[in-house]
Number of protein chains: 2
Amino acid sequence: MELPSELETFVVHFGEMGSRWGFNRTVGQMLAVIVFTEEALNADQIAKMLSISRGNVSMGIKELQSWQLIRVHHKPGDRKDYFKPAGTIWELALQVLSERRKREVDPTLSLLRGQLMNEPGEYQFATERVKEIHDLLELFNTWFEDIHRMNPDSLKTLLKLGSGVGKVLDLKERLTTRDKS
Amino acid sequence: MELPSELETFVVHFGEMGSRWGFNRTVGQMLAVIVFTEEALNADQIAKMLSISRGNVSMGIKELQSWQLIRVHHKPGDRKDYFKPAGTIWELALQVLSERRKREVDPTLSLLRGQLMNEPGEYQFATERVKEIHDLLELFNTWFEDIHRMNPDSLKTLLKLGSGVGKVLDLKERLTTRDKS
DNA sequence: TATAATTTTCAGAAATTTCTGAAAATTCAG
DNA sequence: CTGAATTTTCAGAAATTTCTGAAAATTATA
């Protein structure tokens, strides 16, 4: 199992990108070979394709599993673990977003929450900023949770509509605010 | 200008977070002191508050400016540069998202685009994945661009609605598809 | 249970990133 | 212009992250 040179560009690139997503270059490359290869791959194959040590692959696999991006498969009569993507491209993308939200937003949110509990109000200016950030993240969080539950097709429709949703909202407004006028 | 110990927790925390957003710990801490402090700060004050070198502050400022997160101010009779956040918390958050999109999505998109041009179709499986990722990112990109233009209030409304939008869409569907039936 | 196959761990090495601080460059007032 | 104030640069040092590979642990087979 060689890394086809046609794929090399992608693998290298997704390595670079991976490091922006919260895991390191090698882990990004591992994800790339797993996603772009049709058959499931075992650890030795991955090590060989990327010219990295077996131990490194083991750690990378653990990382990708903690992100729930890959899944283990077994072949009859073979004791090795084989790995495949944990879903379609669409599902993987949502999963990356979801994990990043968890790692980037949640810890901040709980810190801010805690602080707003105590905060006796001495640093008024700072406290106001804390409140603003808190509300923003909370809003984002519930929105994302909500969105994440939608089935892919509705979600795609929604994305395609973009800010066009604004217009639909106006429409809804006109239709549902009889009580207000 | 001392760093009030009440703020230390936040500054440290936003340092950690900063490194998840694409800049390093120190740059994250610099952003935090600038955002949480009411008066504009100069480079020496920032260096002192965070106990880092003057040179480091200079580099951090450049970074934060490249992200368009801070802005320089001047005081009459004072030649130093003073820095303030480049907008409200809401605007800063959008700006961070916007820059991240630019740095994480755009490069991948152009690589994929280029590849789909050439690609004579030898690695069918991989090519399909390339196409899927390409379409997904393209969809996300236009959606974000669209959304980014909305004024904060409409955007807030939209976020609050969350997947409730789905219901509104159904409503719209029923109201606008007379032509189809 | 013994042993062969496989995976995981982790100490130290290698690579990368970040930081310092002195020197160079820039800016501005007189 | 001159020179003091300020900012920027960047080589090397320090800190951090990632990687290797051999040993330990685990798992499955016979």
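The values are calculated or read from the model by the stated rules, or taken from the named source; none is laboratory data. Predicted, not measured: the structure shown is a model, and the values here were computed from it. Here the Cβ is made from the backbone with ideal geometry for all residues, glycine too, and neighbour counts use every protein chain on show. For accessibility, only protein heavy atoms count, side chains too; no ligands or nucleic acids. Shrake-Rupley method; radii C 1.70, N 1.55, O 1.52, S 1.80 Å.
Details
- Any hit, the stretch B:145-152, residues being within 7 Å of chain A (Cβ to nearest Cβ), in a helix (DSSP H, G or I) and either under 18 Å from residue A:35 (Cα atoms) or open to solvent by 40 Å² or more (accessible area, probe 1.4 Å) (or both): yes
- Of all residues in the stretch B:107-142 being within 19 Å of residue A:92 (Cα to Cα) and of a type in the set (Phe, Trp, Tyr), the one that is farthest from the other protein chains (Cβ to nearest Cβ): B:140
- Tally, over the stretch A:41-62, of residues that are hydrophobic (A, V, I, L, M, F, W, C), open to solvent by less than 20 Å² (accessible area, probe 1.4 Å) and within 22 Å of the chain's Cα centre (by Cα): 2
- Check on residue A:91, at pLDDT 95 or above and away from DNA strand C (no atom under 16 Å from the Cβ): yes
- From the options A:135, A:81, residue that is modelled with pLDDT of 95 or more and assigned by TED's automatic domain parsing to the domain that holds residue A:46: A:81
- Among residues of the stretch A:24-40 being in contact with a strand residue (DSSP E or B) (Cβ under 9 Å, 6 or more places away or on another chain) and more than 17 Å from residue A:13 (Cβ to Cβ), the one that is surrounded by the fewest Cβ atoms within 10 Å (Cβ to Cβ) is A:39.
- Residues within the stretch A:78-87 that are without any contact (Cβ under 8 Å) to a residue 24 or more places away in the chain and either near DNA strand C (Cβ under 8 Å from one of its atoms) or exposed (fewer than 15 other Cβ atoms within 10 Å of the Cβ) (or both), tallied: 2
- Considering A:87, A:77, A:15, the condition of being within 14 Å of DNA strand D (Cβ to nearest atom) and within 14 Å of chain B (Cβ to nearest Cβ) is satisfied by A:15 alone.
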